[in-house]
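Asks: Got a structure here, written out as structure tokens. Questions coming.
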Amino acid sequence: MDCLWIEGGKRLSGTLEVPSSKNAALPLMCLSLMTSAPVSLEALPAVADIESMRALLKDLGAEEAAPGQFQTKNIRSIRADYEIVRKMRASILVLGPLLAREGRAEVSLPGGCNIGDRPIDIHLEGLREMGAKIEIEGGYIFASASRLKGCHFSLPFPTVTGSINLMMAASLAEGVSHFENMAQEPEVTEVAHALKAMGAKIEGEGTAQLRIEGVSQLSGLNWRVPPDRIQLLTYLAAAAITGGEIRCRPYDQSSLGAVIQKFKDMSCQVEERREEMLSRVGNLHSTHSQLWQGAKAREYLEVSLSADSLKATDIETAPFPGFPTDAQAQFMACLSIADGSSQIHETVFENRFQHVSELKRMGAQIKLNAAVATIKGVKGLSGASVMASDLRASASLVLAGLAAKGKTQVLRVYHLDRGYENIEENLQGLGARIWRAPQ
Ligand code: EPZ
């Protein structure tokens, strides 16, 4: 098991090429289950969760002729075992595709995780509305449907993977589906665009209301995984907390509005621009515009952030376009050395404050009252050995270590490796003194 050592106090500066998005790549990989044609994905992130999804897809019958070149000529198995699902909850994303393609699926219940109970009742309710017979037995979901039917379903909560599962299932169902209160996260919209490039008939992507007219089969796909907005904001937070200045690209301006505003509320200077990117955007742009038949090709920019001292501000997490829960821990690290007192209200997950006790060991002054954390900014943090507990909590501890006086050891960095690609190399490239060592 590895740990990360960080010697804090260095102002970060430089330019970062943003790695591609795990939370977009995972569902995009599942699209290979929905067609017997080739599905080629460029820029799959090199993170642990992608390896887990690769293994699962291969178990189910997908072949990968070359990195990212998938083809599922036939489904070989309809079973996603607990062994793999417990390690990666996003495995639930094979449920919709298996039901749609094969009419059957046996998927282990994901179980909870450190940040909450993580139920999947809405996934199952929506599939039942499409005519699926679903039973739970021995910790497994047994689902079957001769052919899924179009439905009219309003999601009780805009679940991200739930919306993606239902969108994939409805794309091959018989008839038209109307969904209300669908998640609007950019990753959901990305999958909708990819499905449309495969011939799915989807209207309303990017909004909470979707109309999907099922088709009998889908064609193949050539797609590039988009940049990871959550990794991007984590690096911007590294500049904010160290009082540095960094530039990140490519950056999708429509994906982080609430986050950019909060950086500005903390008195960071943020600049979004397109020069120096034209050639690069040109390549990206043309790649995407070739792929997005009829969809609005997205334009990528670059964003830079610089900061001196940080000002306190209040945050309330919410589904997109609100402030993302996946940025909460990173901003708490920044606010722990901001000038003044801040409140963070975590409304999406019931237990996403595991980083609080560790930040307090580094000198942060944080009080918890149910779903609200009150952070009283301190002059500075001091390095300590701290324990990572989940993906974004780990990122918050790395950020705190970058700003702290002395050395910080972050233990159990396997949590971090699930969603951050080469984090120590990227941070070293920005001037951080950070290195990996056996724990
Ligand atoms: C996705 O998880 C992301 N994971 C999470 O990122 C992210 O935090 C989350 O969306 C919210 O943005 C992937 O995309 C792989 P949800 P997901 O279903 O889809 C309740 C990371 O750090 N809910 O939107 O599992 C649930 O209890 C990870 O990269 C139901 O009640 O999240 C939770 O409170 C962590 N019933 C809320 O919705 C359901 O059927 C949000 O869950 C489903 C969800």
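Asks: If a/c stays under 1.5 just call it rounded; otherwise compare a/b with b/c (prolate if a/b is bigger, oblate if not). Do that for segment 68-203, with a ≥ b ≥ c from the square roots of the Cα gyration tensor eigenvalues.
Replies: Rounded, since a/c falls under 1.5.
Asks: Mind listing which GluC sites (Glu not before Pro) in segment 180-277 are in a DSSP loop and have 11 or fewer other Cβ atoms within 10 Å?
Replies: Passing both the DSSP loop test and the Cβ count: GLU275.
Asks: Which of the trypsin sites (Lys or Arg not before Pro) found in segment 141-211 are loop residues per DSSP with 15 or fewer other Cβ atoms within 10 Å of their Cβ?
Replies: Loop-located and lightly packed - ARG147.
Asks: Now for a separate question. Would you pull out the residues with amide H under 5 Å of CYS3's amide H, same chain only if 5 or more places away, H placed 1.01 Å from N?
Replies: Here the answer is ALA437, GLN439, since their amide H atoms fall under 5 Å of that of CYS3.
Asks: Search the structure for amide H atoms under 5 Å from the amide H of LYS311, placed 1.01 Å from N in the peptide plane, and list their residues when 5 or more places away or on another chain.
Replies: SER267, ASP339
Asks: Report for the chain the percent antiparallel among DSSP-assigned beta bridges with both residues inside it, nearest 5.
Replies: Just about 70 percent of them are antiparallel.
Asks: Sorting SER394, SER216 on the 10 Å Cβ count, fewest up front, what's the list?
Replies: Taking fewest neighbouring Cβ atoms as first place, the list is SER216, SER394.
Asks: Sort 22-33, 79-90 by the packing proxy (mean of other Cβ within 10 Å over each peptide's residues), most packed first.
Replies: Peptide ranking by packing, descending: 22-33, 79-90.
Asks: If you bin the C-alpha pair distances of segment 372-439 every 5 Å from 0, what whole percents do you get?
Replies: Reading upward from the zero bin: 4, 16, 25, 28, 16, 7, 3, 0.
Asks: Out of residues 5 or more away from LEU16 or on other chains, whose amide H comes under 5 Å of its own, with H placed 1.01 Å from N in the peptide plane?
Replies: So LEU16 has HN proximity to ARG247, CYS248, ARG249.
Asks: Rank the residues THR313, THR72 as a footprinting-exposure proxy: fewest other Cβ atoms within 10 Å of their Cβ go first.
Replies: In order of increasing Cβ crowding within 10 Å: THR313, THR72.
Asks: So which residue, out of ALA400, ALA183, ALA65, gets the largest mean-square fluctuation from a GNM of the chain using Cα contacts under 10 Å as springs?
Replies: Highest fluctuation of the listed residues: ALA65.
Asks: Excluding same-chain residues fewer than 8 positions from LYS10, which aspartates and glutamates have a Cα within less than 19 Å of its Cα?
Replies: GLU245, ASP308, GLU424, GLU425
Asks: Can you put TRP223, TRP435 in order of Cβ neighbours within 10 angstrom, beginning with the fewest?
Replies: Fewest-to-most ranking of TRP223, TRP435: TRP435, TRP223.
Asks: Please compare each pair in LYS264/LYS376; LYS262/LYS405; LYS311/LYS376; LYS360/LYS407; LYS87/LYS196; LYS264/LYS405 to a cut-off of 23 Å on the Cα-Cα distance and tell me which ones are over it.
Replies: Beyond 23 Å: LYS262/LYS405; LYS87/LYS196; LYS264/LYS405.
Asks: At a threshold of 8 angstrom on Cα-Cα distance, excluding pairs fewer than six apart, so keeping six or more, what relative contact order does the chain reach in percent?
Replies: Once divided by the residue count of the chain, the mean separation gives 21 percent.
Asks: Let me ask another. What residue among GLY138, GLY204, GLY150 shows peak mean-square fluctuation when the chain is described by a Gaussian network model with Cα springs under 10 Å?
Replies: Looking only at GLY138, GLY204, GLY150, the largest GNM fluctuation is found for GLY138.
Asks: Output the relative contact order of segment 345-418, whole-number percent, from Cα pairs under 8 angstrom with separation of 6+ residues.
Replies: 29 percent
Asks: Which is farthest toward the positive dipole end of the chain among SER336, ILE122, SER91, measuring Cα position about the Cα centre, with Cβ charges +1 (Lys, Arg) and -1 (Asp, Glu)?
Replies: Highest projection toward the positive end goes to SER336.
Asks: What do you get for GluC sites (Glu not before Pro) in segment 346-431 restricted to DSSP loop and a cutoff of at most 15 other Cβ within 10 Å of the site's Cβ?
Replies: In loop regions of segment 346-431 (DSSP not H, G, I, E or B), the sparsely surrounded GluC sites (Glu not before Pro) are GLU350.
Laboratory data are not the source of any read-out in this text; all were calculated from the coordinates shown. Not measured: the values here are computed from a predicted model. A quick note on method: Cβ atoms are made from the backbone with ideal geometry, for glycine too, and the neighbour counts reach across all protein chains shown.
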